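K.L.:
Okay, handing you the structure first.
The values are calculated or read from the model by the stated rules, or taken from the named source; none is laboratory data. For clarity, every value in this text was computed on a predicted model and none was experimentally measured. Neighbour counts run over all protein chains shown; Cβ positions are idealised from the backbone, glycine included.
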Amino acid sequence: VWDVFALPEERERVLSVIQQLQNGQSIPEIEHHWVSRSGEQRLIAWSNTALMGDLGQVRYIIGTGIDVTERRKTEQALQASTKKLTAWVNELETRNRDITLLNEMTDLLQTCMDVGEVYTVVSQSLPQIFTSESGTLYILSESHNFLESVASWGETERMEKVFRPQECWALRRGRLHVVEPPRMGLQCSHVGPHVGGTYLCMPMMAQGEAVGLLHLASGSLSSRLAETKQSLAVTVTEHIALALANLKLRETLRNQSVRDPLTGLFNRRYMEESLERELSRANRNGRTLGVVMIDIDHFKHFNDTYGHEAGDTLLRELGNFLQNNVREGDIACRYGGEEFLLILPEVSMAATLHRADQMREEFKKKTIRYGGQSLGNITLSFGVAVFPTHADSVGTLLRMADQALYRAKEAGRDRVEPASHQ
């Protein structure tokens with residue numbers, strides 16, 4: 001009767017088992033569905049025993065069936081629950097891991113001293129957070145005309161390194177933009193048709209303005225970026241944007257504390273700190289350190305003739321001139337009033353005198369205008385002192401340069417005078 005009550009699609013397998021039992025093969029258990037008189041399908045587990053005759057032939061087959069329908073349903077439900085619980089545990093572990101990595105990145109970002117360190121932290125942290133995705137961090141230029149890649153990981157060879165803000169829907173809309181199959185939606189021009197698969201763009205905002213962009217891409221053409229990943233991308237960009245904003249604020253406050261507001265040069269406080277540091281370094285390394293003190297000739301008469309606003313214009317022009325005519329590593333400062341100071345590391349006396357004379361000649365050629373009129377020819381006087389030739393301390397070095405400047409003024413101005421040996 002097995003084949004009678006078995007489901008049509010299972011009868012062939014049931015008959016095959018019966019034939020194997022009749023041939024003396026051992027098949028102790030089998031499960032198949034049984035249709036009851038009421039038409040209900042039940043899952044029956046059969047235990048089979050073959051009784052053998054004197055000649056070794058199978059005479060009887062005894063089968064004992066147990067209805068395991070409910071037990072199997074319970075087992076399947078338990079398996080489903082276990083699978084779901086395992087998925088939840090894995091997701092929880094992933095989230096905990098992401099939170100830990102995010103906190104570690106945030107701690108590092110808060111200790112960064114400049115944007116270069118921020119980019120280094122991002123380059124090391126984001127590949128650990130977004131392990132299955134490729135990504136690029138872009139920073140908006142000061143002109144706001146383009147974005148440039150500063151950190152990337154994964155398969156980013158075909159990603160644009162530089163692009164305009166209007167090429168990204170996320171930047172145009174000011175919020176997260178996701179592109180994923182099957183409906184790809186509006187694709188960003190900076191990604192291009194040659195890059196397939198799912199990706200997202202998340203603008204980095206600071207004080208209501210975009211400062212950059214995080215781009216994440218999935219390696220699979222059919223995979224989707226989970227909502228948890230999207231949420232994580234939003235959080236990551238917020239932390240990076242905050243770090244950049246804090247650095248910018250810190251730099252602004254530092255500039256305000258060490259910069260002269262009129263000329264943009266370093267102020268006297270920063271000059272004293274820098275001179276102490278550079279002299280110590282020069283002494284430690286056995287190098288020279290040049291100091292050039294500069295004074296605008298006849299500045300009081302100039303102010304009396306043209307007014308203080310014209311005088312401020314002249315001071316600003318000289319500040320710009322000095323900034324544009326010093327090397328990287330040189331330090332240009334406003335010493336006070338119409339006096340300025342240059343700190344020139346690792347420059348000999350002859351080279352310092354030569355550079356001072358070049359500046360004197362170049363500035364004399366400049367035409368400075370105020371209120372639509374020329375302010376006439378402006379000349380400068382220079383006093384030069386060099387460590388260790390003329391002094392071995394900050395105070396003495398400044399005094400020697402100041403005395404040289406005084407001699408330049410006494411000798412007729414518009415000249416460069418070296419310090420005398422002590």
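K.L.:
Could you check the stretch 114-213 for strands (runs of 3 or more DSSP E) lying wholly inside it with 3 or more residues that are free of Cβ contacts under 8 Å to residues at least 60 places away in the same chain? Let's see the steps before the verdict.
P.N.:
Details: elements: 133-140, 147-153, 177-179, 199-206.
By residue number, 147-153, 177-179, 199-206.
K.L.:
Would a scan of the stretch 84-105 turn up a residue that is assigned to a helix (DSSP H, G or I), crowded, with 19+ Cβ neighbours inside 10 Å and within 14 Å of the chain's Cα centre (by Cα)? Break it down stepwise before answering.
P.N.:
Going residue by residue through the stretch 84-105, those that are assigned to a helix (DSSP H, G or I) are 84-105.
Add one more test, that the residue is crowded, with 19+ Cβ neighbours inside 10 Å, and what stays is 98, 105.
Retained after the next criterion (residues that are within 14 Å of the chain's Cα centre (by Cα)): 105.
Among the residues of the stretch 84-105, at least one is assigned to a helix (DSSP H, G or I), crowded, with 19+ Cβ neighbours inside 10 Å and within 14 Å of the chain's Cα centre (by Cα), which makes the answer yes.
K.L.:
Can I ask one more? Any idea which residue in the stretch 129-140 is farthest from THR198 (Cα to Cα), counting only those that are more than 13 Å from the chain's Cα centre (by Cα) and surrounded by 14 or more Cβ atoms within 10 Å (Cβ to Cβ)?
P.N.:
ILE129
K.L.:
Let me ask something additional. From the set of residues in the stretch 23-55 that are surrounded by 16 or more Cβ atoms within 10 Å (Cβ to Cβ) and β-branched (Val, Ile, Thr), which is modelled with the highest pLDDT?
P.N.:
Among residues in the stretch 23-55 that are surrounded by 16 or more Cβ atoms within 10 Å (Cβ to Cβ) and β-branched (Val, Ile, Thr), the one modelled with the highest pLDDT is ILE44.
K.L.:
Considering only residues of the stretch 227-267 that are among the hydroxyl-bearing types (Ser, Thr, Tyr) and touching a residue at least 60 places away in the same chain (Cβ under 8 Å), which is farthest from ASP114 (Cα to Cα)?
P.N.:
Per the stated criteria, the residue is THR228.
K.L.:
Consider LEU247 carefully, then state whether it is in a loop (DSSP other than H, G, I, E, B) and not hydroxyl-bearing (Ser, Thr, Tyr).
P.N.:
no
K.L.:
Looking at ARG11, is it of a type outside the set (A, V, I, L, M, F, W, C), over 20 Å from GLU70 (Cβ atoms), touching a helix residue (DSSP H, G or I) at 6+ places or on another chain (Cβ under 9 Å) and surrounded by 14 or more Cβ atoms within 10 Å (Cβ to Cβ)? Don't jump to the end; show me each part of the working.
P.N.:
Working: of a type outside the set (A, V, I, L, M, F, W, C): yes; over 20 Å from GLU70 (Cβ atoms): yes; touching a helix residue (DSSP H, G or I) at 6+ places or on another chain (Cβ under 9 Å): yes; surrounded by 14 or more Cβ atoms within 10 Å (Cβ to Cβ): yes.
Spelling it out, ARG11 is indeed of a type outside the set (A, V, I, L, M, F, W, C), over 20 Å from GLU70 (Cβ atoms), touching a helix residue (DSSP H, G or I) at 6+ places or on another chain (Cβ under 9 Å) and surrounded by 14 or more Cβ atoms within 10 Å (Cβ to Cβ).
K.L.:
Continuing with the same structure: With the condition kept exactly as written, say whether any residue in the stretch 398-411 is among the hydroxyl-bearing types (Ser, Thr, Tyr), within 25 Å of ASP260 (Cα to Cα) and touching a Lys or Arg at 6+ places or on another chain (Cβ under 8 Å).
P.N.:
no
K.L.:
Still on this model: Criterion first (under 60 Å from the mean Cα position of the chain (by Cα) and among the basic types (Lys, Arg)) does ARG71 satisfy it?
P.N.:
In short, yes.
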